[in-house]
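Read-outs: derived from the displayed coordinates by stated rules, not from any lab. The model shown is predicted, which means the values in this text are computed figures rather than measured ones. For neighbour counting, all protein chains shown are included, and Cβ atoms are generated from backbone atoms with ideal geometry for every residue, glycine included.
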Amino acid sequence: MGTHGDKWDEEWSVIGDKGDIGFIDFEDCKSVCSYNPTEESEIVISVPFPLVKGKPQSGFVGDTVVDSITIKNTTSEPVELWSVKIYDSKPEDSFTLSVMEPPTANSGVQYIQAFLESSSLEDRVLRSGQTLTIWLSCKPKEIGLHTSAVHFTVGDETIERLVFLLAEDKISQSLASDKPYHRGKKKKKQMVLDVSAGDAFVVGERPAKPATRGFKKIIAQFPIPKNVRDLVESKQIPDVITEGLTKANYAHYFTTLVIMEEIKMEEDMKDYDMERVSMSSKGSQFLLLEVPGLAEKRPSLVCGDFICATLASKGVDDSTRVYQGYIHRVEAEEVYLKFDKEFHVCHKVSNLYNVWFTFNRLNMRRLYQAIEATKYLERDFLFPSRKRFIQPIPLVPISCMLNEEQISAIGMILGCNGGPPYVVHGPPGTGKTMTIVEAILQLYTMRKNARILVCAPSNNAADHILEKLLMTKAVRVQHREIFRLNALTRSFEDVKPDHISYCFAEEFIFKCPPLRDLMRFKIIISTYTSASLLYAEGIKRGHFSHIFLDEAGQASEPEVMVPLSNLCRGDTVVILAGDPMQLGPVIFSRDAEIYGLGKSYLERLFECKFYGVKNENYVTKLVRNYRCHPAILYLPSQLFYRGELISCKDDDTWSSITWVEILPNKQFPVFFFGVQGFDEREGGNPSWFNRIEASKVVEIIRNLTQNMGLDDEEIGVITPYRQQVLKIKKALESFGCSDIKVGSVEQFQGQERQIIIVSTVRSTVKHNEFDKTYYLGFLSNPRRFNVAITRAKSLLIVIGNPHIICKDPYWNKLLWHCSDNGSYQGCFLPERPEYLDEESTQVGNEDNEGDEKLQPSEYIECAQELEIPKPVTNEAEWSHGWKSFETEEIPKPVTGEAECSHDSKPYDAEEIPEPVMDEAEWSDGWKC
């Protein structure tokens, strides 16, 4: 009890029972609402801390943030203001009320002593026309969104005001944008030249090529048939696609899918086009063009590519001269161009040009050629149906780390004499790559006539295999017998110095060695598409006795066919390794993805009988995980692998590690920190970020590196949106932690770190629902969830809004898994939802009592029934040109010959712009 003079009744008291309003989403709730909405109140109450341009006001943690509330009686009679009370606050007790303005640093001692605050104020009569002012204060102790509901009881009516205040720290405020978000306008369709269709231009000057031999086999141009192009561009699905894949239409079917993909990639490339840009002279020969985003391969340009340009003052018509400019050199965000001499003579610094980029078709032509060459493969290779028996070969393991399943798989590989592929599949960390490496070394040492081709979907993955083969001490692979084949456009600096001697280059440019040199190598390592160089150089089918395809689940079927259809013979032994429950191939065209291009060859094989029933003559499943702490492994094992995974990580010394001290439960290394931030965008970029979560990520990392002594290389940060990646990187760089990898799920697939920190970003229900509809971000994409939570070896930290996360059944299980084990901290938890089908997330688990465990084909089928989406093709590089929804966050095509490494994988389709929520036009989205 307390008194406050004549400004209020003689006594006021703290309210006894507090309410609980739960989670409030400021974007879905009006800041003014009444419990009696049918009658317009004549008591006018202002909104404390009103939203500014749709965003909550902010204050610093540790400071007191104050706003006034005015209560005006507009009636002709006095009214009874029975009470003003804080019905509920989140975090609890973070808001208080007072009838005096809270004191400041300049307030006198008497004023400070007289000041009183409470959670309620009571009993006041408001005269007609009277305005009463009271004060609402917030004293945030932690970062994040603070919410409250203040109730005003006037007569028989209760009026509510919702309050939102964002508590920040220096890091989060430093990441704030000074450029408000605006929906990008669609580019004017004034540049209509279609270079791919052969439209005319004034030819530029090509870069001089050093004297070199030509390839023995030239890949045909494979132009897109006009009737098919017209059909696809009119958004119609060709008949062969709607018929479905059969043995008879295999080549026609996949060729059409690739055409659909290429047309989509052409459209995406146009979004990089630039209008009214200037060029500067570089010496007497070159013009320099700045291309924003080039450093991040958006667009991806290499020496030898070309652009087209015309003066901006002229449109493209029959009388306009369009000039072709070849790229002679690529720097960070600039390209050196050479046009026709006339263009250089007429160039002025003040000239403005319209520039558009052209799509490099080389990799697509490789796919067409590979699909065409599948006619040389046996039908039983593409559609296995005949039973076979493999007599496994006993072996003495080179590595002492192999388990029973791995030894069995290697014995079967050694005993295989060709036919359909042998599959080694298993979850993350079960040693698939180690199994492949051991099998390669066994063949290398046991069979002098063995010739082995090893392919992986990315440069990083291929380099990793090379490194594993070279570091095995028990077997020394002769330098002259192993070769790393690189794409001709791969950057020389991209290859580790220790690996350069295993490559072939002239004047710092990678090349394919002549046929006679290729023939002598016993082991050749390449990416899938670069294996086309072997075909072009003249390597014949059957030269390789064994072809290993690692991470085969990440490549589309036409990509896998590049090495297989060109180099396989009936007696070639083909081994696929991968996991169909992780992310699959990156596809740009949604239609092509849906109709089969998004399904890897590895996954399709499990639809065939002998793979589906786990026949040991076709497949081996690895179940022993050597990467993750048992607590990290438990949930993915239950949700995706039928609970079959066996944790083999040695964690005897785990509890003695210093950084365990940051955990609420020292024995449970899966930690969920709940924070209510909010989603933001800036400028014309539709990608989302959450700087409150970014600040928390940085705080944890600084604690780990500065106080716990961890190295940057031991920590990784996974987040689904490109802008969040950039914000976190910016903050880390300011603290000297630039070596910590921050990226998307796709960028971390196949990689691991001692500690993984996941920032989920989303804090708004409305946006969450949109993401669920289009399989964006982490939510509603179980494969992305599976990869994200299995990258950590020793500690997994998730930072996110539990009220958003709980909307997804998979993330909900992780949230309550942490809570049940005393490993949750942060904002208040939501009510625990009760799902009607508790087994709805247990992909691959036992169904009912007495039922046998699902077979591989069945758990894939089960996953499809649960709408486990294909990986969203949108975490590759992204463009500055924002696209409309249909092309939004799908990654930009790699326009050069080099393949993307893991570090240039696409960013999630999360960058698809928000749906029309307020009748405004769609924003254009960016591409990876």
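Net charge near LEU367: determine it from the other residues with C-beta under 11 Å of the C-beta of LEU367, scoring Lys and Arg +1 and Asp and Glu -1.
Once positives and negatives cancel, what remains is -2.
Order by neighbour count: PHE306, PHE60, PHE668, PHE640, fewest other Cβ atoms within 10 Å first, most last.
PHE60, PHE668, PHE306, PHE640
Give me LYS85, LYS247, LYS614 sorted ascending by neighbouring Cβ count inside 10 Å, so fewest comes first.
Listed from fewest to most nearby Cβ atoms, that is LYS247, LYS614, LYS85.
Expressed as a whole number of Å, what is the distance separating the alpha-carbon centroids of region 115-176 and region 390-469?
Centre-to-centre (Cα) distance: 66 Å.
Here is the link list: LYS270/LYS496; LYS727/LYS807; LYS139/LYS730. Which ones come out longer than 31 Å on Cα distance?
Pairs exceeding 31 Å: LYS270/LYS496.
Please sort by residue number the GluC sites (Glu not before Pro) in region 219-292 whose DSSP state is loop and whose Cβ has at most 16 other Cβ atoms within 10 Å.
For GluC sites (Glu not before Pro) across region 219-292 that sit outside H, G, I, E and B with at most 16 neighbouring Cβ atoms in 10 Å, the list is empty.
When only DSSP loop residues count, what GluC sites (Glu not before Pro) in region 43-119 have their Cβ near at most 13 other Cβ atoms within 10 Å?
Passing sites in region 43-119 are GLU92.
Under 15 Å from the 7 Å Cα→Cβ point of LYS141, by amide nitrogen: which residues of region 82-99?
89-96
At a 10 Å Cβ-Cβ cut-off, how would you order LYS282, LYS522, fewest neighbours first?
Listed from fewest to most nearby Cβ atoms, that is LYS282, LYS522.
Roughly how big is region 382-622's charge dipole about its Cα centre, with Cβ charges of +1 (Lys, Arg) and -1 (Asp, Glu), in debye to the nearest 20?
Rounded to the nearest 20 debye, it is 940 debye.
Say the cut-off is 19 Å between C-alpha atoms; which of LYS649/LYS793; LYS216/LYS540; LYS264/LYS338; LYS432/LYS649; LYS247/LYS599; LYS741/LYS766 go over it?
Over 19 Å Cα-Cα: LYS264/LYS338; LYS741/LYS766.
Which net charge results when you count Lys and Arg as +1 and Asp and Glu as -1 among the other residues whose beta-carbon is under 12 Å from that of PHE152?
Local charge sum for PHE152: 0.
What are the radius of gyration and Dmax of region 201-359, computed over its Cα atoms and given in Å?
My reading of the Cα-based Rg and Dmax gives 19.3, 60 Å.
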